[in-house]
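Peer 1: My questions will all concern the structure given below.
Each value in this text was obtained by applying a stated rule to the coordinates, not by laboratory testing. This structure is a prediction, so every number in the text was calculated from the model and none was measured. Cβ sites come from the backbone with ideal geometry, for glycine too, and all protein chains shown count toward neighbours.
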Amino acid sequence: MSTRDTPEQIGDLPRIGRPANSALLAQGITTLQEVAAFGRRRLAALHGVGPKAIRILDEALRERGLEFEE
């Protein structure tokens, strides 16, 4: 699947860009709860998930009272 075929937004996730969405979908991640459980370090290791995407996800998690599990 090319990133061109990846949706701009997935589930309750904020808009983080198609490459990051593609990386999350490849891991079966479609919700903020799953992002939190996956953890910041593991996310950062995924191809397509950069510092900006992690920052946006972190902000969204905090808004919902969640945080990355480490």
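Peer 1: With the condition kept exactly as written, say whether any residue in region 55-69 is surrounded by 14 or more Cβ atoms within 10 Å (Cβ to Cβ), among the aromatic types (Phe, Trp, Tyr) and either under 10 Å from the mean Cα position of the chain (by Cα) or within 15 Å of PRO7 (Cβ to Cβ) (or both).
Peer 2: Of region 55-69, the ones surrounded by 14 or more Cβ atoms within 10 Å (Cβ to Cβ) are 56-58, 60-61, 66, 68.
Pick out the ones that are also among the aromatic types (Phe, Trp, Tyr) and you get 68.
Checking the rest, the ones that are also either under 10 Å from the mean Cα position of the chain (by Cα) or within 15 Å of PRO7 (Cβ to Cβ) (or both) come to none.
Among the residues of region 55-69, not one is surrounded by 14 or more Cβ atoms within 10 Å (Cβ to Cβ), among the aromatic types (Phe, Trp, Tyr) and either under 10 Å from the mean Cα position of the chain (by Cα) or within 15 Å of PRO7 (Cβ to Cβ) (or both), which makes the answer no.
Peer 1: A further question follows. Quickly run through region 3-53 and pick out the residues that are touching a residue at least 24 places away in the same chain (Cβ under 8 Å), surrounded by fewer than 16 Cβ atoms within 10 Å (Cβ to Cβ) and closer than 18 Å to ARG64 by Cβ.
Peer 2: Correct list: PRO14, ARG15, GLN33, ALA37, GLY39.
Peer 1: I would also like to ask the following. Mind counting the residues in region 42-70 that are part of a loop (DSSP other than H, G, I, E, B) and in contact with a helix residue (DSSP H, G or I) (Cβ under 9 Å, 6 or more places away or on another chain)? Break it down stepwise before answering.
Peer 2: Filtering region 42-70 down to residues part of a loop (DSSP other than H, G, I, E, B) leaves 45-50, 64-70.
Checking which are in contact with a helix residue (DSSP H, G or I) (Cβ under 9 Å, 6 or more places away or on another chain) leaves us with 46-50, 64, 66-70.
Of the residues in region 42-70, 11 are part of a loop (DSSP other than H, G, I, E, B) and in contact with a helix residue (DSSP H, G or I) (Cβ under 9 Å, 6 or more places away or on another chain).
Peer 1: Same structure, new question: State all residues of region 43-70 that are among the charged types (D, E, K, R) and in contact with a Phe, Trp or Tyr (Cβ under 9 Å, 6 or more places away or on another chain); if no residue qualifies, say none.
Peer 2: Listed by number, the residues that qualify are ASP58, GLU69.
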